[in-house]
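Here is the structure we will look at, set down as structure tokens.
Every read-out reported here was derived from the displayed coordinates using simple, explicitly stated rules and does not represent laboratory data. These numbers come from a predicted model, not from an experiment. Methodologically, a virtual Cβ is constructed for each residue, glycine included, from the backbone with ideal geometry; neighbour enumeration extends over all protein chains shown.
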Amino acid sequence: MSPAPLSDYTLRYPPVIRFGWGVRRELPALLREAAAAPAVFFVGSSSALSSARVEELRELCGGWRGQFFGVPHDPPLACIDELAARLRASGANLVVAAGGGSTLDAAKAAAILAPANLPVTAVFQGRLPAPNSGLPFFALPTTAGTGAEITNNAVLTDPAAGDKKSIRSPGMIARAALVDVELTLSQPPNLTAWSGLDALTQAVESYLSNRASAPTRALAAAAAAKLYAHLPAAVADGTDRAARTAVAEGSLLSAMAFSQSALGAVHGLAHPIGALTGLPHGLTCAILLPHVLRLNAPACGALLDELAAACGLRTGPDLVDAISGLCHDLGVPADFRTAKLRRERIPDILARCRSNSMGANPRALTDAEITAFLAPLLAP
């Protein structure tokens, strides 16, 4: 029997969510609303922002008290401590970040940790709670996929322990999320594909989640329909304005859904697998998605049928086949064998997959079931 939507729920979003072309230009007024004398610390993606774009953002912020460029993929704990120390020393009273999910996650983590002078390891390991508040944070995503601009968590990694997971706090919800489609034009085709498939995964898992509500399912269905229909065109031609807009909006709607409903086994498994392989998160999710959908189908067949209809398809199995075909067409491998992830690492995955996401999966999975599921996807 498919999970029914929750009848008791709370929705938490940034006070301001702006979507469109050129909405970054509204940043100065939003900063002045947050502080009478804005003093900005800027965190940026060195790969996504041209020098001209950096200068434009500097002007929109009225100058910077400090800056940090080049957050690594899957930000390591040491990066967060360094960023928080620079932020604290700068005397800034606001944090503005422009980049992909890693950049936004690092910035929002530093924004709550810096004022409290807390080491991130203590929070990451659960020895101390994350502060409930911090410096106001403003997010400008340059990718259409992670949804980090509106979530209350930051996905971080401990390379020494091989661990990847989230820290969470209501203080990490952005004061304003400015989803400017023009900023996504810098995405190359492979990043467009992987981030878009991450957004599609989030939409699908949110719809099927056992913590879904009527609002989150409505948002997730709209997101899935946009992403399924328009992602191929955005990958094929990054200058296609209509496709870029639809994919960016699909990503935003997906984030508005999953940030309130949690996700599922794809994300529960993707974090430990990503930590072991170093694969981009969106690619890891895309490899897992068709397989997890087939695994979950007996527990959520009616919901899959509903989601298929939203995407213009006839049945749930049609949707699963269509998603599998889309992943193949966008160059996603069928398994993790080429990444040299071996079956001997299954115990490591099991030890780290019991996350908030796994708890929201529509089908409860035992360790034995996960082992049987993973074995064909890994190298002997």
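A few notes on this one:
- Here the spin labels are modelled as points 7 Å beyond Cα on the Cα-Cβ line, and at A52 and D8 they lie 5.6 nm apart.
- A dipole drawn for the chain from +1 and -1 charges on Cβ atoms has a positive end, and of G312, F19, S133 the residue lying farthest that way is S133.
- Couplings 3J(HN,Hα) of segment 347-352, computed from phi: x, 5, 5, 4, 5, 10 Hz, in residue order, whole Hz [Karplus 6.51 cos²θ - 1.76 cosθ + 1.60, θ = phi - 60°; x for Gly and Pro].
- Principal-axis analysis of the Cα atoms of the chain puts helix 241-261 at an angle of about 80° to the longest axis.
- When the trypsin sites (Lys or Arg not before Pro) in segment 83-146 are filtered for DSSP coil states and for at most 12 other beta-carbon atoms within 10 Å of their beta-carbon, the remaining sites are R127.
- Folded to 0 to 90 degrees: helix 189-208 orientation relative to the chain principal axis, Cα: 70
- Modelled FRET efficiency - R0 30 Å, E82 with E26, Cβ distances, 0.05 increments: 0.50
- Residue among M172, M358, M256 with the largest mean-square fluctuation in a Gaussian network model of the chain, springs linking Cα atoms under 10 Å: M358
- Net lengthening on full extension, A89/R241 (0.36 nm per residue, minus Cα-Cα): 50.6 nm
- Calculated from backbone phi, Karplus (6.51, -1.76, 1.60) coupling profile of segment 365-380 in Hz, x at Gly/Pro: 10, 7, 4, 5, 5, 5, 4, 5, 5, 6, 3, x, 8, 10, 6, x
- Couplings for segment 277-282, taken from phi via the Karplus curve 6.51 cos²θ - 1.76 cosθ + 1.60 with θ = phi - 60°, read 9, x, 5, x, 4, x Hz in order; Gly and Pro are left as x.
- In the chain, the longest principal axis of the Cα atoms and the axis of helix 316-329 are about 60 degrees apart.
- A straight line joining the Cα centroids of segment 4-57 and segment 285-335 runs 33 Å.
- If the segment from T366 to A161 were pulled out straight at 0.36 nm per residue, it would be longer than the present Cα-Cα gap by 71.4 nm.
- Added length on full extension, which subtracts the Cα-Cα distance from 0.36 nm per residue, A334 to L128: 70.2 nm
- Computed magnitude of the charge dipole of segment 16-183 (debye, nearest 20; Cβ of K, R +1, Cβ of D, E -1): 320
- Average Cα contact separation per residue, the chain, under 8 Å, 6 or more apart, as relative contact order %: 17
- Given K108/K340; K165/K340; K164/K340, the pairs whose alpha carbons are separated by over 26 Å: K108/K340
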